[in-house]
1. Within the range 281-301, can you find the residues that are buried (at least 17 other Cβ atoms within 10 Å of the Cβ) and touching a residue at least 24 places away in the same chain (Cβ under 8 Å)?
2. Anything in the range 20-39 that is farther than 17 Å from residue 162 by Cα and either more than 26 Å from the chain's Cα centre (by Cα) or touching a residue at least 60 places away in the same chain (Cβ under 8 Å) (or both)? List them, or say none.
3. Scan (1) over 22 Å from the mean Cα position of the chain (by Cα); (2) free of Cβ contacts under 8 Å to residues at least 60 places away in the same chain; (3) part of a loop (DSSP other than H, G, I, E, B) for the single condition residue 106 breaks and write down its number.
4. Which members of the range 257-279 meet the condition of being free of Cβ contacts under 8 Å to residues at least 12 places away in the same chain and either in a loop (DSSP other than H, G, I, E, B) or crowded, with 17+ Cβ neighbours inside 10 Å (or both)?
5. Run down 175, 150, 192, 155 and say which single residue is in a helix (DSSP H, G or I) and at pLDDT below 95.
6. What is the number of the single condition among (1) modelled with pLDDT of 80 or more; (2) in a helix (DSSP H, G or I) that residue 243 does not meet?
7. Checking the structure you have, find out if any residue of the range 208-229 is in contact (Cβ under 8 Å) with a residue 24 or more places away in the chain, outside the structural domain of residue 188 (by TED's automatic domain parsing), within 28 Å of the chain's Cα centre (by Cα) and more than 21 Å from residue 279 (Cα to Cα).
């Protein structure tokens, strides 16, 4: 038997606040709404006004869970770690499954529901703030649903955020929670960049990173990197910049400098030996490159590093 269709969302009447579903909360479920007085305080405080939670929760095996919103005044993140569900948004229907995230901007009509036979287990978060739109754009999601896999780090942050329900509304607890949210959204943005489908041929980012790491003590050129990705140099550079924000060779150089910092911190190797260990036979050229990246020479870095 096919599940009944989701109700169509309607944009005609705005609905204030993070209206949550009336799904009956199970003993191991979580539903927490930030009270209005705290939302106002977070929206004014210099450490939290950029990003703050308005509601959050955890629904395990949420049979019968469904929601429809004509309009909402905050951003919504849903993370499905098991089971299935369906989202209707922008006149399209999306299947949501294990490892999928749903990310919706404010004022976006939508409806969703758990699958009847395999109801989803989800974490969810409503959030707002001056930087909420920037974080949304930073993810570069081209679809409201994307699979990032079941990520233990994401689950840990959600579990940490859920502890706010025990905070007795202490501001200090919420300050810490707001910064956990920034860590969560920025990490999701990184995962999205790694998982986002690309037009044309896809790239194996982890393989590329591993290839660079293996050659960090030597040399690697654009021809080799492009060939490993089965792309022309032009398309390889374009895709790589879109993913990392850096040109591929600069990314490789930064890997070398990070390795050099580690060697300067953890060994007694001379600057010349460190330079050789990261593939530079010319210690003077290495020092110039190091200073350009770190702002100090290798010797100054070793002398003045902070504990």
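1. 286, 289, 290, 298, 301
2. Taking the range 20-39 and keeping what is farther than 17 Å from residue 162 by Cα, we get 21-24, 36-37.
Answer for the range 20-39, where residues must be farther than 17 Å from residue 162 by Cα and either more than 26 Å from the chain's Cα centre (by Cα) or touching a residue at least 60 places away in the same chain (Cβ under 8 Å) (or both): 22, 23, 24, 36, 37.
3. Single failed check for residue 106: (1).
4. Matches in the range 257-279: 267, 268, 269, 270.
5. Of 175, 150, 192, 155, the one residue that is in a helix (DSSP H, G or I) and at pLDDT below 95 is 192.
6. If we test residue 243 against (1) modelled with pLDDT of 80 or more; (2) in a helix (DSSP H, G or I), just (1) comes out false.
7. yes
Each row is one residue, and each column tells you yes or no for (1) assigned to a strand (DSSP E or B); (2) surrounded by fewer than 18 Cβ atoms within 10 Å (Cβ to Cβ).
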site: 50; (1), (2): no, no
site: 53; (1), (2): yes, no
site: 58; (1), (2): yes, no
site: 62; (1), (2): no, no
site: 73; (1), (2): no, yes
site: 80; (1), (2): yes, no
site: 85; (1), (2): yes, no
site: 88; (1), (2): yes, no
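The values are calculated or read from the model by the stated rules, or taken from the named source; none is laboratory data. Since the structure is predicted, the reported quantities are computational estimates derived from the model, not experimental observations. No Cβ is skipped: glycine too gets one built from the backbone with ideal geometry, and neighbour counts run over all protein chains shown.
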